[in-house]
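Q: This is the structure, below, for whatever I ask next.
The values are calculated or read from the model by the stated rules, or taken from the named source; none is laboratory data. Just so we're clear, the structure is a prediction, and the values are computed from it rather than from any experiment. FYI the Cβ positions are ideal-geometry reconstructions off the backbone, even for glycines, and counts take in every protein chain you see.
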Amino acid sequence: MPPFGSVGRRSMISPADSGNRGSSHRRGIVAVLTNPEADNGRGARTATQAITALRKACGQHGFGVVDITGHSREESLENACRAITHATALVVVGGDGMVSIGVNAVADCDVPLGIVACGSGNDFARGLELPISRIETSAEGIAAALSYDSTIVLDLGHACSPEDGGHRIDTFFAGMLNCSIDAAINDRANQSRLPLGTLRYLEAGIREASRVGNYGFHVSVVNEDHSVNDYDLLTPLLAVANAPYIGSGIQASPDSDLADGLLEMLWAKWLPTAPEALRILAKAYRGAHLDEPVIGYQRIRSITIRATDEGKTPPVLMSDGECIGTLPVTVDAHGKALRLLVPPTVREHWNTVEDNRHMGEER
Ligand SMILES: Nc1ncnc2c1ncn2[C@@H]1O[C@H](COP(=O)(O)OP(=O)(O)OP(=O)(O)O)[C@@H](O)[C@H]1O
């Protein structure tokens with residue numbers, strides 16, 4: 001079995017090849033992963049609802065639905081990697097942890113991913129304005145996307161251990177890679193039994209903030225213009241973003257564009273005072289914190305992060321809310337690594353937004 005957070009590489013398969021295997025009257029098979037652990041244990045009921053809704057919606061368009069949920073995250077990932085050799089699409093039901101499994105199964109191959117967002121955080125779905133906790137709407141959207149072959153192509157981040165050729169860590173992420181107080185908060189929130197994602201993050205944030213300090217990092221950054229900078233950072237906050245949201249709705253990286261082939265590095269230039277940190281956090285819910293002098297933010301192509309002897313020892317690395325190990329890590333952008341199923345109207349809106357963004361950049 002591959003190590004936690006690690007995936008084997010797969011060859012590209014075409015949906016046309018995979019979709020027509022099995023029953024002759026079917027247009028294809030949709031493999032679905034649910035999560036009984038999602039939303040603080042309420043996932044089992046949600047899973048049944050989602051499978052029923054997907055069977056109904058996809059069935060109307062001629063697609064069969066197979067539940068391939070495993071007994072653990074690892075088993076589900078293995079099942080998904082096997083399923084995509086013959087399934088038309090993979091659908092994940094749950095929160096960002098399920099998105100993490102989904103993207104690690106389909107990254108860099110042609111099989112599209114559908115998301116039924118019904119976890120407690122749902123940050124990746126939020127950034128794409130996908131329906132949240134609306135299972136029937138999500139299922140109908142996925143069925144329409146399958147029927148009209150409606151997908152958008154997105155970037156993913158990829159984290160690997162620089163020392164051993166990606167043996168210890170080899171993980172794709174859709175949202176963010178967290179290495180500092182954000183990772184400590186995420187790790188603590190994952191262990192909380194509080195009912196709402198926002199509450200879990202708030203409680204974990206208050207606890208971690210009371211013992212916050214500077215962590216010591218050495219970073220080697222490949223900038224947007226391919227120049228390289230090597231330097232030490234003493235900071236409480238260092239994260240690498242592919243998508244805008246984290247922590248159940250904090251718009252930490254508002255400028256993240258899921259189709260620019262780049263990532264964003266977000267850090268604090270010094271340890272803020274408690275009132276300063278609270279003010280910045282309040283602004284971050286609106287993505288309005290980037291004008292704060294303490295916040296560093298830049299587009300990057302890749303970054304290698306190591307711990308130094310200075311400051312506190314950095315906590316575990318969290319990738320889309322999942323613990324993937326410890327530093328060192330190299331993170332880079334994989335452009336066009338994910339095909340996401342979205343209803344045709346959403347695809348049109350997405351294409352318009354992207355066209356406008358590129359026209360704005362060219363001006
Ligand atoms: N089949 C499974 N059995 C047990 N645990 C699983 C299974 N599939 C996934 N998990 C784990 O369950 C945890 C919670 O999953 P998920 O992120 O989907 O829900 P959430 O915590 O409610 O949402 P969010 O991450 O958006 O806050 C994750 O750590 C995930 O790895």
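Q: Those residues that are under 19 Å from the mean Cα position of the chain (by Cα), near the ligand (Cβ under 10 Å from one of its atoms) and touching a residue at least 40 places away in the same chain (Cβ under 8 Å), I need them from the stretch 64-79; list them, please.
A: ARG73, GLU74, SER76, LEU77
Q: The conditions are (1) more than 9 Å from the ligand (Cβ to nearest atom); (2) modelled with pLDDT of 95 or more; (3) assigned to a loop (DSSP other than H, G, I, E, B), and ARG82 fails exactly one of them. Which is it?
A: Against the list (1) more than 9 Å from the ligand (Cβ to nearest atom); (2) modelled with pLDDT of 95 or more; (3) assigned to a loop (DSSP other than H, G, I, E, B), ARG82 comes up short only on (3).
Q: Right, next: Here is a check on your reading of the model: is ARG211 surrounded by fewer than 16 Cβ atoms within 10 Å (Cβ to Cβ), at pLDDT below 95 and more than 16 Å from the ligand (Cβ to nearest atom)?
A: Here the answer is yes, as ARG211 does meet what is asked.
Q: Looking for whichever is under 17 Å from ASP149 (Cα atoms), at pLDDT below 95 and outside the structural domain of ASP182 (by TED's automatic domain parsing) here; the options are VAL346, VAL353. Which one fits?
A: Among VAL346, VAL353, only VAL346 is under 17 Å from ASP149 (Cα atoms), at pLDDT below 95 and outside the structural domain of ASP182 (by TED's automatic domain parsing).
Q: Going residue by residue through the stretch 195-207, is there one that turns out to be of a type in the set (A, V, I, L, M), in contact (Cβ under 8 Å) with a residue 60 or more places away in the chain and closer than 22 Å to GLY296 by Cβ?
A: Scanning the stretch 195-207, I find no residue that is of a type in the set (A, V, I, L, M), in contact (Cβ under 8 Å) with a residue 60 or more places away in the chain and closer than 22 Å to GLY296 by Cβ, so the answer is no.
This table checks each residue for (1) touching a strand residue (DSSP E or B) at 6+ places or on another chain (Cβ under 6 Å); (2) of a type in the set (S, T, N, Q); (3) surrounded by fewer than 22 Cβ atoms within 10 Å (Cβ to Cβ).
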{"residue": "ILE300", "(1), (2), (3)": "yes, no, yes"}
{"residue": "ILE305", "(1), (2), (3)": "yes, no, no"}
{"residue": "THR308", "(1), (2), (3)": "yes, yes, yes"}
{"residue": "VAL331", "(1), (2), (3)": "yes, no, no"}
{"residue": "ARG339", "(1), (2), (3)": "yes, no, yes"}
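Q: Quick check: anything in the stretch 86-106 under 22 Å from THR137 (Cβ atoms), more than 16 Å from the ligand (Cβ to nearest atom), assigned to a loop (DSSP other than H, G, I, E, B) and within 17 Å of the chain's Cα centre (by Cα)?
A: No: the stretch 86-106 contains no residue that is under 22 Å from THR137 (Cβ atoms), more than 16 Å from the ligand (Cβ to nearest atom), assigned to a loop (DSSP other than H, G, I, E, B) and within 17 Å of the chain's Cα centre (by Cα).
Q: Among the residues of the stretch 78-90, is any within 30 Å of SER192 (Cα to Cα) and touching a Ser or Thr at 6+ places or on another chain (Cβ under 9 Å)?
A: yes
Q: Return the residue satisfying two criteria in turn: it lies in the stretch 116-148 and is surrounded by fewer than 23 Cβ atoms within 10 Å (Cβ to Cβ) and free of Cβ contacts under 8 Å to residues at least 24 places away in the same chain, and of such residues it is farthest from the ligand (Cβ to nearest atom).
A: THR137
Q: How many residues does the stretch 192-208 hold that are more than 16 Å from the ligand (Cβ to nearest atom) and buried (at least 16 other Cβ atoms within 10 Å of the Cβ)?
A: So the count comes out to 1.
Q: Can you find, within the stretch 278-289, the residue that is nearest to VAL228 (Cα to Cα) among those that are out of contact with any His (no Cβ under 9 Å at 6 or more places or on another chain) and surrounded by 17 or more Cβ atoms within 10 Å (Cβ to Cβ)?
A: HIS289
Q: Shifting gears a bit: Residue check: is ASP255 in contact with a Phe, Trp or Tyr (Cβ under 8 Å, 6 or more places away or on another chain) and surrounded by fewer than 21 Cβ atoms within 10 Å (Cβ to Cβ)?
A: Answer is yes for this residue.
Q: If you don't mind, there's one more thing I want to ask. Test GLN60 against the stated conditions and say whether it is modelled with pLDDT of 75 or more, away from the ligand (no atom under 16 Å from the Cβ) and over 23 Å from LEU338 (Cβ atoms).
A: It is true that GLN60 is modelled with pLDDT of 75 or more, away from the ligand (no atom under 16 Å from the Cβ) and over 23 Å from LEU338 (Cβ atoms).
Q: Being in contact with a Phe, Trp or Tyr (Cβ under 7 Å, 6 or more places away or on another chain), buried (at least 24 other Cβ atoms within 10 Å of the Cβ) and charged (D, E, K, R): is that true of ASP182 here?
A: In short, no.
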